[in-house]
Amino acid sequence: MYDLHYYPGNASFAPHVLLRELGLPFSLNFVDRDKDAHKGAEYLELNPTGRIPALVRGDLVLFETAAICLHLVDSKPEVGLAPKMATPERAHFYKWLLFMATTIQPDILMYYYNARYTTDSDGGEAVKQAATQRLMNWFQTIEDALPDEGPHFMGADFTVLDIYLLMLARWGRFLPTPPRDMPKINAIARAALERPSVRAAITSEGISGDFLT
Ligand SMILES: N[C@@H](CCC(=O)N[C@@H](CS)C(=O)NCC(=O)O)C(=O)O
């Protein structure tokens, strides 16, 4: 049994969808961010970075969303949510997953938590503006690389990348040019939103309204 420590719409969303896609037994453990539970001693035991999510299964305690996603898909390779090991497709899969996790996600953090990224008490807005420009550029980088024919990030096969991109597209929804305005990203995200796993995750996290707006 997996225990996912989550907050609605946070980075826990991708592992949450994956647990459902893979049919793995899991429970959801709400981390009350309004009470700073993610900075409390109990949660820091699981995730010393004080960020959402954490995944626990027995003695296995994991943080870092991309690592959690990779571990989950590797537990059921037959479901095919990642390309086969040691193939060129797998290499591209790693490339895009890590691009999203290590290039886009940090800029998302700079966008939302801009004041943390400067010692200048008036500097937050400038950090946010610079992150805004980079983020629109990064989403365009993905848009330009996506296959014309779709229907998924990697072409014919639905993978973790579709879920991850959907999550990032939500986080980028307030950008002047949001990801949903990029036709291929929008099509991929909208297709992902039709999946029962995604619908169930959205409902159980209590997220309302258009996910991408
Ligand atoms: N690199 C981490 C980042 C996770 C992350 O940024 N989580 C956000 C929510 S989406 C968070 O916990 N923010 C609260 C904080 O930083 O205080 C991961 O991918 O798991």
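Structure summary
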{"item": "Residue in the range 47-56 that is within 9 Å of the ligand (Cβ to nearest atom), among the polar types (S, T, N, Q) and either open to solvent by 60 Å² or more (accessible area, probe 1.4 Å) or at pLDDT below 95 (or both) present", "result": "yes"}
{"item": "Sole exception among (1) over 24 Å from A156 (Cβ atoms); (2) in contact with a Leu (Cβ under 7 Å, 6 or more places away or on another chain); (3) open to solvent by 60 Å² or more (accessible area, probe 1.4 Å) for V79, by number", "result": "(1)"}
{"item": "Qualifying residue in the range 71-86 (condition: more than 9 Å from the ligand (Cβ to nearest atom), within 19 Å of L28 (Cβ to Cβ) and of a type in the set (A, V, I, L, M, F, W, C))", "result": "yes"}
{"item": "Of the criteria (1) within 9 Å of the ligand (Cβ to nearest atom); (2) open to solvent by less than 20 Å² (accessible area, probe 1.4 Å); (3) not assigned by TED's automatic domain parsing to the domain that holds L165, which one I108 fails", "result": "(3)"}
{"item": "Residues of the range 3-51 satisfying the condition of being in a loop (DSSP other than H, G, I, E, B), among the charged types (D, E, K, R) and within 29 Å of T159 (Cα to Cα)", "result": "R51"}
{"item": "Qualifying residue in the range 84-100 (condition: over 14 Å from T159 (Cα atoms) and in contact with a strand residue (DSSP E or B) (Cβ under 9 Å, 6 or more places away or on another chain))", "result": "no"}
{"item": "Matching residues in the range 178-209 - criterion: being more than 24 Å from H5 (Cα to Cα) and among the acidic types (D, E)", "result": "D181, E194"}
{"item": "In the range 114-159, the residues that are open to solvent by 20 Å² or more (accessible area, probe 1.4 Å), within 19 Å of A11 (Cα to Cα) and within 17 Å of the chain's Cα centre (by Cα)", "result": "W138"}
{"item": "Among residues of the range 12-42, those that are more than 18 Å from L81 (Cα to Cα) and within 10 Å of the ligand (Cβ to nearest atom), counted", "result": "5"}
{"item": "Hey, R180 buried (at least 17 other Cβ atoms within 10 Å of the Cβ) and touching a residue at least 40 places away in the same chain (Cβ under 8 Å) or not", "result": "no"}
{"item": "Filtered residue count, the range 116-144, keeping only those that are more than 12 Å from the ligand (Cβ to nearest atom), over 17 Å from T177 (Cβ atoms) and part of a helix (DSSP H, G or I)", "result": "4"}
{"item": "Cross-chain or 6+ apart pairs with Cβ under 6 Å, the range 139-163 first and more than 25 Å from V79 (Cβ to Cβ), then at pLDDT below 95 and not basic (K, R)", "result": "none"}
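The values are calculated or read from the model by the stated rules, or taken from the named source; none is laboratory data. Predicted, not measured: the structure shown is a model, and the values here were computed from it. As a convention, Cβ positions derive from the backbone with ideal geometry for all residues, glycine included, and neighbour counts pool all protein chains shown. What goes into the accessible areas is simple: the full protein's heavy atoms, side chains included, and nothing from ligands, DNA or RNA. Shrake-Rupley method; radii C 1.70, N 1.55, O 1.52, S 1.80 Å.
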